[in-house]
Amino acid sequence: MAGVFSGFFIVWAVIGTGYVVGRRRVLGPQGQLVLSKFAFYVASPPLLFLTISEADIGRLLSAPLLVAAVSAVATALVHAGLARWVLHRDAATTVMGAQAASQVNSANLGIPIATFVLGDATMVVPVILFQLALNTPVYLTIMDVLTDGRRPSLGNVLGNVVTNPMIMGSGLGMLFAVTGWRLPEVVHEPVELVAGASIPAMLMAFGISLVGASPLRAGASPRRDVVLAAGLKLVLHPVLAFLFARFVLGLDGHLLYAVVVMAALPTAQNIYVAAVRYGRAEQLCRDTVLLTTVVAMLTMAGVALLLA
């Protein structure tokens, strides 16, 4: 347990440093954006590649992937039903709210939490694969149809998936893991050096993003929608992950703890980016991201107390 909270302390210490950097505007107005893009496009793909290339692929793509998919889809469906039939929201708002309630921050927080709290960075890989390769193309296609009637071709959808840098890094890592290939030492060293910048950049960018955050602001925030999405994300999603993993798949020990912690991560920041892109549920997604980001650490700490 001491190791678990030591991991949380490391994560929060770097996030806090990012917050101070943001408050003092050390990196200027574009600091958070530049760090996020650097982590996503440059440093995280080699980190995933190196991590997965030495992992047990069969273990990654079996139970944890199934838990990630089932718990997220079930949470999204519960939200969709409540938003549509109780709150009477339109279809596009319902879709975005369902994603806010079920998609986790698998990159900016998932990788550091898996590394320092779970002690195994590969535990976030099933979540990344489900969200980026399966879930995201589906919901973006639905939003394309709902907002402008455009029906994307299968080629465009698949193209967006295979060119995603996270998917590319994960895919190459799987190829090397299956074949047993290894990079020459002279190539491995610079790749590892760049990969080492991923987690600090993610956490610093995350800390900067918290500067000036004010979720549930009176008169601006759709509070009922935000509380519904955040409540399902923080409570229902990890509970469903636990029930499915424990009583359907029979998981226990560290693996059970890991899949529940991954489900307890806060809402993915790219949900707000998508909301802005489509001009739907922007305030709902932004406030859900902020609220779950602040509270999720307590939720994950609670999971640690119960299961670690």
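Bear in mind that the values in this text are calculations on the coordinates, not laboratory data. Everything quoted here is computed from the prediction, not taken from an experiment. No Cβ is skipped: glycine too gets one built from the backbone with ideal geometry, and neighbour counts run over all protein chains shown.
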Helix-derived mean residue ellipticity, 222 nm - over the chain, DSSP H n ≥ 4, -39500 (n - 2.57), to 500: -21500 deg cm²/dmol
Relative contact order computed over the chain (Cα-Cα under 8 Å; 6+ residues apart), in percent: 33
Cα pair count fraction exceeding 23 Å, expressed as % - region 1-91: 62
Cα pair distances in the chain, grouped into 20 Å bins until the bin that holds the longest one, percent each: 33, 61, 6
Axial C-alpha extent at least 27 Å, average Kyte-Doolittle at least 1.0 - helices from the chain (DSSP): 2-23, 63-85, 282-307
Charge dipole (debye, nearest 20) of the chain; +1 at Cβ of Lys and Arg, -1 at Cβ of Asp and Glu: 940
Mean separation of Cα contacts under 8 Å (6+ apart) over length of region 51-179, as relative contact order %: 36
Pairwise centroid distance, computed over Cα atoms, of region 172-201 with region 263-302, Å: 30
Computed FRET value (nearest 0.05) for ASP148 with LEU77, which takes r as the C-beta separation and R₀ as 25 Å: 0.50
Long-range amide H partners of VAL104 with built H, under 5 Å: ALA268
Trypsin sites (Lys or Arg not before Pro) within region 4-113: DSSP coil, no more than 12 neighbouring Cβ in 10 Å: ARG24, ARG25
